[in-house]
Structure formats: C-alpha cells, structure tokens
Amino acid sequence: MVASHNAGKVREIGALLEPFGIETVSAGDLGLPEPEETGLTFQANAELKARAAAEASGLLALADDSGLAVTALNGDPGIYSARWAGPSKDFSLAMEKVEQALKETGSDDRSAAFICGLALATPDGKMDYFEGRVEGALVWPPRGDKGFGYDPVFVANGYDITFAEMDPDAKHAISHRADAFRQLTDVFLK
C-alpha cells in the first residue's frame, strides 16, 4: 500500500513498482486518515506516515516524504515543500514563493535538489528507510505541463528541460524517487 493521498506521488510510485508486478492501492483509496507530519526530517515524516498506514491497514505500507531543497534558501522549502503551496496545494503559488525568496537573497545561486525519503513499514513495526536525491537548478518562468509540484521549475544536472517537460518515463529514470526506489529494490526485489 502507498501511504499517500497525493495522486501524483501515488501515480509515480505505482509506475516504479509496476515492472515488479506489484499493484498498489493508496491510503486515500482505503479511506485512511492523513497523519500530521510532525517530523523535522524527510526520514521522520516518511516513517511516521508508513507506520500509521501499516498499523491502520494491516498491510505493508510504503511512504514517501519528499521536497525541494534550494541551496540559497538554506535548504528551504525542504520538508515544508507542500506547505509552501498552501491549503489548496497551489504549486503555482509555491513556485512563485520560491522565486521571490531567491530574489530576496540577492544570490545568483539557483542550485537545488529534490530529495525523497522512502520508508517501508510492516504492520508488526519493522521499518526500513532509503533516501534518494537528484541535483539540479531552478529556472524561471515555469515550463512544461507534465509532472506535478515543483517539476516546472526544476532542471536536473545534465539536462536542459524541466521535469515537467520530460517524458514521464525519462523523469522516472533519474528522479529522487527513482533513486530511493533503486535502493529499496536492490534490497528487497532483486
């Protein structure tokens, strides 16, 4: 089970697990409540969500906590990436906030990374954690209509198009989530 109510994350996680013949169901599909993310790290929040979903469902639960870490903003928005989008999850607003905050720093440094903390919990309390990242830089204005979240402003190192301009399969091959999943599959599915 994917311990998420975020349709974009659920879609990406499902696509990453599909080659292994694993079908996913989301916490939202099961009507599970979203736990409050009170952790101060990607790991703490991923583990909190995975543990809550595994305990509530009695199923193996996979949870992702991910976000955009901008160097010139001392790693912000980081674990608060979704919160920068406000209660309506308006990532156009979030991207504008990041751009404004960058302007206010006066720095020319536009380097950033997407980070994904991935936790796998069993109903009996066993927990495994993996962390992936992809380095890149921010562009403005946003470009592309594929992907979700901050994808329209993020260009991975070695590329000249944003995640939102990439074919989803190409993004899945290099993303922070893919990096964390490679680590998980190396341990559990090979």
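The values are calculated or read from the model by the stated rules, or taken from the named source; none is laboratory data. Nothing here was measured: the structure is a model prediction, and the numbers come from that model. Using ideal geometry, Cβ is built from the backbone for each residue, glycine included, and neighbour counts are taken over all protein chains shown.
Being acidic (Asp, Glu) and over 18 Å from the mean Cα position of the chain (by Cα) is a property that residue 29 has. Here residue 29 meets the list (1) out of contact with any helix residue (DSSP H, G or I) (no Cβ under 8 Å at 6 or more places or on another chain); (2) acidic (Asp, Glu); (3) surrounded by 15 or more Cβ atoms within 10 Å (Cβ to Cβ); (4) not in a helix (DSSP H, G or I) almost entirely, failing just condition (3). Residues in segment 168-190 that are within 19 Å of residue 145 (Cα to Cα) and not in a helix (DSSP H, G or I): 175 alone. Filtering segment 92-109 to residues that are in contact (Cβ under 8 Å) with a residue 24 or more places away in the chain, farther than 17 Å from residue 67 by Cβ and either surrounded by 16 or more Cβ atoms within 10 Å (Cβ to Cβ) or of a type outside the set (Gly, Ala, Ser) (or both) leaves 105, 109. Scanning segment 162-190 for residues that are farther than 14 Å from residue 132 by Cα and aromatic (Phe, Trp, Tyr) yields 163, 188. Candidates in segment 14-26 are the residues that are farther than 14 Å from residue 118 by Cβ and touching a residue at least 40 places away in the same chain (Cβ under 8 Å); of these, the one that is surrounded by the fewest Cβ atoms within 10 Å (Cβ to Cβ) is 20.
The C-beta contact set for segment 65-80 (first residue in contact (Cβ under 8 Å) with a residue 40 or more places away in the chain and within 26 Å of residue 121 (Cα to Cα), second residue surrounded by fewer than 20 Cβ atoms within 10 Å (Cβ to Cβ) and of a type in the set (Lys, Arg), distance under 9 angstrom, 6+ apart or interchain) comprises 69/133.
Just checking, does segment 45-64 include any residue being hydroxyl-bearing (Ser, Thr, Tyr), more than 28 Å from residue 135 (Cα to Cα) and in contact (Cβ under 8 Å) with a residue 60 or more places away in the chain? Within segment 45-64, one or more residues are hydroxyl-bearing (Ser, Thr, Tyr), more than 28 Å from residue 135 (Cα to Cα) and in contact (Cβ under 8 Å) with a residue 60 or more places away in the chain. Of note, residue 11 satisfies the criterion of being in a helix (DSSP H, G or I), charged (D, E, K, R), surrounded by fewer than 18 Cβ atoms within 10 Å (Cβ to Cβ) and at negative phi. Residue count for segment 59-88 under the criterion of being surrounded by fewer than 17 Cβ atoms within 10 Å (Cβ to Cβ), at pLDDT 95 or above and part of a loop (DSSP other than H, G, I, E, B): the result is 2.
One residue stands out in segment 89-138 among those that are among the basic types (Lys, Arg) and at pLDDT 95 or above: the one that is farthest from the chain's Cα centre (by Cα), namely 103.
Against the condition surrounded by fewer than 19 Cβ atoms within 10 Å (Cβ to Cβ) and either out of contact with any Cys (no Cβ under 7 Å at 6 or more places or on another chain) or closer than 15 Å to residue 113 by Cβ (or both), how does residue 167 come out, does it pass? So residue 167 fits the description; yes. Taken over segment 32-53, the criterion of being not in a helix (DSSP H, G or I) and not hydroxyl-bearing (Ser, Thr, Tyr) is satisfied by 32, 33, 34, 35, 36, 37, 39, 40.
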